[in-house]
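**Student:** Here you go, one structure.
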Amino acid sequence: MTKEIEESTINFIKMKQNLTSAYYISQCFEKTRLRIVEEQLFTKLRNFAQESGYIFESDSSPKKLQFSFKKSEWENLNIYFFFSGVSTDGVYENFASTIKLEDSQKEPHQKLRALLEPLSPYGQVYSFLWGDIIEGKYKDWDLSVFNEILDSPDELVNLIIGYVKRLSGLIERYEG
C-alpha cells in the first residue's frame, strides 16, 4: 500500500461514523479470506478429488492454509500443499507442494528415497520427502490472489490439479 493510500484510508477510518465498521471488518478479515478459499477453491478441489479417486483433506485456519490429496492405497503418503508462513501484512508466503509422510517417525523406504531425492532442492529427503515452491503469481497469496479466487479460480485450481497429477505419478512409480 502506498503512503498516500494509507494516509487516505486512515483519515477515512478515523471518522467517527466509520471507526466502528472498520473495527468489525478488521476482526473478520482473516476469517473472510478463509471462507473465500473454502467456498471457491476447496469446493472445486473436493469435486476433482471425488471424481479422480483422491481423498481431499484440509487443516486450515485463518492464519494457516494447508490441504492434501491422498489415496487409501498410498499407505502413509500424501500430496500436501502449504505456505511457509504469513507475513506481518497478512500475505500467505511461499505456496508449496510436497510428497509427505503422514507418520514423520517412519523412515521413508529406500526405493521412494531414490525416486525423490534427485528432485529435492535441498539435496536430501527429510520427513516431508520433497518440496517444490510454486513460482509465479501464486507463490505469495496477497489481495490480488483472493480477488482472483472470487472472480475465476479455475487457473489456480488447474495449477494445483497439475501438481497433484505430477506428484501422483511419482507415488504410482514408487508403489508400482
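**Student:** I need the full set of residues from the range 127-176 which are at pLDDT 90 or above and of a type in the set (D, E, K, R), in order please.
**Tutor:** Matches in the range 127-176: 137, 139, 140, 142, 148, 151, 154, 155, 165.
**Student:** Tell me, which strands (runs of 3 or more DSSP E) wholly within the range 1-102 include 1 or more residues that are over 17 Å from the mean Cα position of the chain (by Cα) and either modelled with pLDDT of 90 or more or surrounded by 15 or more Cβ atoms within 10 Å (Cβ to Cβ) (or both)? It would help to see each step written out before you state the result.
**Tutor:** On the way: elements: 55-58, 66-70, 77-86, 92-101.
In the range 1-102, 77-86, 92-101 are the strands (runs of 3 or more DSSP E) which contain 1 or more residues that are over 17 Å from the mean Cα position of the chain (by Cα) and either modelled with pLDDT of 90 or more or surrounded by 15 or more Cβ atoms within 10 Å (Cβ to Cβ) (or both).
The values are calculated or read from the model by the stated rules, or taken from the named source; none is laboratory data. This is a predicted model, so every value here is computed, not measured. As a convention, Cβ positions derive from the backbone with ideal geometry for all residues, glycine included, and neighbour counts pool all protein chains shown.
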